[in-house]
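Asks: One structure coming up, written as structure tokens, with questions to follow.
The values are calculated or read from the model by the stated rules, or taken from the named source; none is laboratory data. Since the structure is predicted, the reported quantities are computational estimates derived from the model, not experimental observations. Here the Cβ positions follow ideal geometry from the backbone for every residue, glycine too, while neighbour counts run over all protein chains shown.
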Amino acid sequence: MKKFLLTVASVFIVAFAALTAAGCGGKTSGGKTEKILFIGNSFTYYSDVPAIFKEIADSAGKKVRVESVTQGSWNLSKFADEKDEYGKQVAKKLAVEDEYSAVVLQEQSTRPLDNYSGFLSGARKLVEKITSSQENCRIYLYSTWGYEEEAAARQMTVPEMEGEIRKAYQKAAAVLNVKVSYVGKAFSAVYTQYPQYNLYHSDGKHQSYTGAFLSACVHAATILNLNPETLSYTGKLDAQTAEVLKSAAQKAVNGD
């Protein structure tokens, strides 16, 4: 009897230790909560992409905590600089070891085209910061979209501009051994195939709520490995609009 009780106690101790270890940091294990950090500028915070991402995750039964460090027009080099006000915020968040399951990095909208070396340098510094403290953290580059005013100035169409931005993100991701969240690709598909859906804010550059919903769907499919088409969540949109955007997001992630 004594031997039996000792065996049961040993099993309990091992099981408890395993559960405790699984709950460390922000990693998902056995239904534990993932912690996601978005770092970027207005292409992240307009219409609150991170908040919609969280709502999509919740609707899918995913346990996530979402944080962000954002500032208008900021680039990744500034976010990597601990002398910068927002760079300090990034450094403080990343100082907590193994806190994040995933980090999303969004560069200033035209910098990948105008200053690729600066874009790559800033991204590299942030990747190094992340990997130095976040052992199993997944890193994603948030590939953004083209917009009419800038595309016209470059004598391009909006999808052509986005295609060049995407190439720059893909190139940087290959160098840094990280992944890409293809938001811009989904934007181009909807812009071309469904012009009745306005993805842009009144300034014609930033994302409207519709555009933010599309962005969040791409991030959710990419980071959380879920298919938004299977979810009933529509946010503030009517069902038909939401379905079109979910489909475009999933196709962008699938490489279609």
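Asks: Of everything in the range 41-75, what is within 22 Å of K246 (Cα to Cα), within 13 Å of the chain's Cα centre (by Cα) and assigned to a loop (DSSP other than H, G, I, E, B)? Give them in sequence order.
Replies: The answer is D48, and nothing else.
Asks: Which condition from (1) in contact with a strand residue (DSSP E or B) (Cβ under 9 Å, 6 or more places away or on another chain); (2) surrounded by fewer than 20 Cβ atoms within 10 Å (Cβ to Cβ); (3) not in a helix (DSSP H, G or I) is the one that E97 breaks?
Replies: Every listed condition holds for E97 apart from (1).
Asks: Taking only the range 154-188 into account, find how many residues are aromatic (F, W, Y) and in a helix (DSSP H, G or I). Working first, answer last.
Replies: Residues of the range 154-188 that are aromatic (F, W, Y), as a first pass: 169, 182, 187.
From what is left, the residues that are in a helix (DSSP H, G or I) are 169, 187.
The qualifying residues number 2.
Asks: So D203 clears everything in (1) part of a loop (DSSP other than H, G, I, E, B); (2) surrounded by 18 or more Cβ atoms within 10 Å (Cβ to Cβ) except one condition, right? Which one?
Replies: Among (1) part of a loop (DSSP other than H, G, I, E, B); (2) surrounded by 18 or more Cβ atoms within 10 Å (Cβ to Cβ), D203 violates only (2).
Asks: Scan the range 210-256 for residues that are in a helix (DSSP H, G or I), out of contact with any strand residue (DSSP E or B) (no Cβ under 7 Å at 6 or more places or on another chain) and hydroxyl-bearing (S, T, Y) and report the count.
Replies: 4
Matching residues to (1) more than 23 Å from E34 (Cα to Cα); (2) surrounded by 16 or more Cβ atoms within 10 Å (Cβ to Cβ); (3) hydroxyl-bearing (S, T, Y):
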{"site": "Q89", "(1), (2), (3)": "no, yes, no"}
{"site": "K92", "(1), (2), (3)": "no, no, no"}
{"site": "E107", "(1), (2), (3)": "yes, yes, no"}
{"site": "G122", "(1), (2), (3)": "yes, yes, no"}
{"site": "T131", "(1), (2), (3)": "no, yes, yes"}
{"site": "Q155", "(1), (2), (3)": "yes, no, no"}
{"site": "I165", "(1), (2), (3)": "yes, yes, no"}
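Asks: Of everything in the range 173-190 that's aliphatic (A, V, I, L, M) and in contact (Cβ under 8 Å) with a residue 40 or more places away in the chain, which residue is surrounded by the fewest Cβ atoms within 10 Å (Cβ to Cβ)?
Replies: For the range 173-190, the residue satisfying everything is V175.
Asks: In this structure, is K78 part of a loop (DSSP other than H, G, I, E, B), closer than 30 Å to L199 by Cα, among the charged types (D, E, K, R) and modelled with pLDDT of 95 or more?
Replies: Here the answer is no, as K78 does not meet what is asked.
Asks: Taking into account only those residues within the range 216-256 that are of a type in the set (G, A, S) and more than 24 Å from K63 (Cβ to Cβ), which is modelled with the lowest pLDDT? Can you show your working first?
Replies: Our first condition is that a residue be of a type in the set (G, A, S); within the range 216-256, this holds for 216, 220-221, 232, 235, 239, 242, 247-249, 252, 255.
Filter once more, keeping what is more than 24 Å from K63 (Cβ to Cβ): 239, 247-248, 252, 255.
Working: A239: 98, S247: 98, A248: 98, A252: 98, G255: 95.
Among residues in the range 216-256 that are of a type in the set (G, A, S) and more than 24 Å from K63 (Cβ to Cβ), the one modelled with the lowest pLDDT is G255.
Asks: Please find, within the range 133-153, the residue that is nearest to I36 (Cα to Cα) out of those that are surrounded by fewer than 19 Cβ atoms within 10 Å (Cβ to Cβ) and of a type outside the set (D, E).
Replies: R138
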